[in-house]
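Structure record follows, encoded as structure tokens.
The values are calculated or read from the model by the stated rules, or taken from the named source; none is laboratory data. Everything numeric here is computed off the predicted structure, so don't read it as measured data. Virtual Cβ from ideal backbone geometry, glycine too; neighbours counted across all protein chains shown.
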Amino acid sequence: MDNAIEIKNVSKFFGDFMIDNLTLNVPSGSVVGLIGGNGAGKTTTIKLIMGALRKDRGEIKVLGVNNEDKEFTEIKNDIGVVLDEAYFPEEITPKTVNNIMKRTYKNWDEDLYFGYIEKFKLPFKKPFKKFSRGMKMKLAISVALSHNSRLLILDEATSGLDPFVREEILDIFNEFTRDENNSILISSHIISDLEKICDYIAFIKDGKLIFFEEKDRLLEEYALIKLSKEDFLSLPEYAVKGVRVSSSCVTALVLKSEISDIFKTEHTTIEDIVIFLSKGDEEI
Amino acid sequence: MRGLILKDSFCIIRQLKFVIVFILVFSAIPNFPGATFAVFYSVILSFTSMAYDEQSKWDSFAITMPYSVSDIVKSKYVFGIICICIASVFSIIIQILSLLYTKKTIGIDIFYTTGFSLVYALIFQALLLPMIFKMGVAKGRIVFLVCFFAVMGLLGGVSEHISSIVKNLYYNTFNILSISFIVMIVLNILSYMISLKAYESRNIL
């Protein structure tokens with residue numbers, strides 16, 4: 001199997017928003033970061049993958065199985081999902097979650113789950129309604145990691161967590177992908193997190209895929225350049241992908257290969273690339 | 001599906017204590033069909049579990065687990081059946097204890113009355129669950145309460161006649177109960193199919 005997830009020409013129409021002819025693959029053994037602003041369609045894409053929303057058009061395969069086939073229910077044993085919030089009923093405790101999950105997942109690993117509960121210092125008998133957001137997300141992550149998944153689908157899984165815990169969880173995700181059969185699709189607002197663990201970046205805007213690229217290639221391909229307004233106008237238009245104007249200079253995101261070596265460029269980050277591409281050009 | 005039913009059970013534990021008190025209180029009221037009332041009231045337990053699901057957006061999470069949409073819908077029917085059956089057994093025990101306490105004879109009519117309550121509670125559930133799946137818990141609960149008090153008001157009004165009706169129909173009671181049982185099964189199958197369609201047509205998240 002080449003791809004853990006294959007999304008082919010998928011569209012979903014809402015009244016005022018649509019996922020527009022989306023094609024996106026998550027190669028097996030890789031980590032793909034899904035980036036986009038609020039309302040760009042990240043969560044909708046994840047819901048479409050898991051069959052929680054019905055697509056209007058296109059095809060989605062997860063771990064080689066069409067997500068509309070009956071077999072997909074069985075395949076979900078191999079998928080760990082963390083949604084943007086942890087959706088457990090209020091009265092549920094980590095202890096009862098174990099009882100529920102061991103009757104839900106065929107390959108539920110009780111010891112592994114208890115290990116995560118201990119590692120994350122979650123109170124075993126405290127009801128979910130008394131959990132902080134960080135604790136709720138830790139519980140959801142513990143569940144996703146405790147049934148020997150081959151694919152993790154994470155929607156804003158690290159938001160609401162402090163930097164130390166985020167680091168710890170990113171390490172766990174990194175550990176997960178050491179097995180070359182394991183893959184992750186992760187969406188996050190915290191782009192620096194994605195930059196740390198992703199092999200590929202998919203950028204979505206207004207329900208459309210703007211780019212899907214290897215992270216390292218993006219960092220090689222793009223650069224930042226700071227120029228006076230006059231010098232900026234000498235840059236070839238096709239090389240400029242985004243512009244930010246201040247009173248003293250123009251900062252532009254450029255394609256390194258398309259500009260002359262006489263221009264001094266600066267190293268850029270995924271966050272810069274996404275922000276510049278997202279905002280487009282400002283008036284000069 | 002066992003995981004879903006277990007989750008529902010954990011959710012309604014608090015409500016269950018309330019229902020038990022309810023059954024005890026109403027069973028103690030003379031000339032009031034408390035046991036019947038209790039069995040009917042147990043229908044609310046599956047609705048309560050659905051209210052918890054809606055509040056916590058559990059369905060969004062459940063669909064990411066190895067459950068199909070039909071598993072999720074079916075689990076609510078099975079959970080409802082379990083609650084109503086447990087309430088019926090509990091109701092019989094309370095009635096027997098009550099008769100023993102008042103030194104009255106324990107007759108077969110207890111079992112018939114509870115049997116009818118069980119069957120009609122399940123018919124009631126079959127009629128109401130598609131509404132909940134279609135309209136959500138908030139609107140569905142209003143419909144439930146209106147129907148519940150209408151039925152109970154009717155039963156309360158004719159409570160004195162119920163036992164005499166049962167006695168008069170004594171020879172036919174078993175047949176009526178059997179027919180009601182078959183109607184209940186057919187209605188529940190139809191109800192499940194409608195609920196499944198209603199749930200599938202909704203965007204779950």
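One table, with the values for the structure above:
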quantity	calculated
Residue match in the range A:231-253 (condition: under 25 Å from A:ASN174 (Cβ atoms), out of contact with any helix residue (DSSP H, G or I) (no Cβ under 6 Å at 6 or more places or on another chain) and surrounded by fewer than 17 Cβ atoms within 10 Å (Cβ to Cβ))	no
Qualifying residue in the range A:33-44 (condition: polar (S, T, N, Q) and at pLDDT 90 or above)	no
Sole exception among (1) closer than 27 Å to A:SER159 by Cβ; (2) within 13 Å of chain B (Cβ to nearest Cβ); (3) in contact with a helix residue (DSSP H, G or I) (Cβ under 6 Å, 6 or more places away or on another chain) for A:LEU34, by number	(2)
Yes/no for A:THR73 being within 13 Å of chain B (Cβ to nearest Cβ), surrounded by fewer than 23 Cβ atoms within 10 Å (Cβ to Cβ), polar (S, T, N, Q) and touching a Pro at 6+ places or on another chain (Cβ under 8 Å)	yes
Some residue of the range A:128-145 being closer than 20 Å to A:LYS76 by Cα, assigned to a strand (DSSP E or B), touching a strand residue (DSSP E or B) at 6+ places or on another chain (Cβ under 7 Å) and touching a residue at least 60 places away in the same chain (Cβ under 8 Å)	no
Residue that is modelled with pLDDT under 85 and in the same structural domain as A:SER28 (by TED's automatic domain parsing), where the choices are A:ASP199, A:ASP162	A:ASP162
Within the range B:1-117, helices (runs of 4 or more DSSP H) holding 3 or more residues that are at positive phi	none
Some residue of the range B:158-167 being of a type outside the set (Lys, Arg) and at pLDDT 65 or above	no
Residue selected from the range A:112-140 under the condition within 10 Å of chain B (Cβ to nearest Cβ) and surrounded by 17 or more Cβ atoms within 10 Å (Cβ to Cβ), by the criterion farthest from the chain's Cα centre (by Cα)	A:PHE128
Residues of the range A:186-239 classified as in a helix (DSSP H, G or I) and closer than 30 Å to A:THR44 by Cα, total	13
Search result, residues across the range A:234-284 that are of a type in the set (Asp, Glu) and without any contact (Cβ under 8 Å) to a residue 24 or more places away in the chain	A:GLU237, A:GLU258, A:ASP261
Hits in the range A:87-111 - residues which are surrounded by 21 or more Cβ atoms within 10 Å (Cβ to Cβ) and facing another protein chain (nearest Cβ under 8 Å)	A:PHE88, A:PRO89, A:ILE92, A:THR96, A:ILE100, A:MET101, A:THR104, A:TYR105
Those residues of the range A:191-206 which are within 18 Å of A:PHE173 (Cα to Cα), β-branched (Val, Ile, Thr) and in contact with a Leu (Cβ under 7 Å, 6 or more places away or on another chain), in sequence order	A:ILE197, A:ILE201
Some residue of the range A:31-45 being among the β-branched types (Val, Ile, Thr) and under 19 Å from A:SER146 (Cβ atoms)	no
Test: A:SER192 is surrounded by 15 or more Cβ atoms within 10 Å (Cβ to Cβ), among the polar types (S, T, N, Q) and in the same structural domain as A:ASN38 (by TED's automatic domain parsing)	no
All positions within the range A:149-180 that are in a loop (DSSP other than H, G, I, E, B), touching a strand residue (DSSP E or B) at 6+ places or on another chain (Cβ under 9 Å) and of a type outside the set (Gly, Ala, Ser)	A:ARG150, A:GLU156, A:THR158, A:THR177
Any hit, the range B:14-22, residues being away from chain A (no Cβ under 14 Å) and in contact with a helix residue (DSSP H, G or I) (Cβ under 7 Å, 6 or more places away or on another chain)	yes
Residues of the range A:39-64 classified as among the hydroxyl-bearing types (Ser, Thr, Tyr) and at the interface with chain B (Cβ under 10 Å from one of its Cβ atoms), total	2
Candidates A:SER30, A:SER11, filtered to the one that is buried (at least 19 other Cβ atoms within 10 Å of the Cβ) and among the polar types (S, T, N, Q)	A:SER30
The listed residue being in contact (Cβ under 8 Å) with a residue 12 or more places away in the chain and over 30 Å from A:ILE75 (Cβ atoms), out of B:ILE81, B:ILE44, B:ILE63	B:ILE44
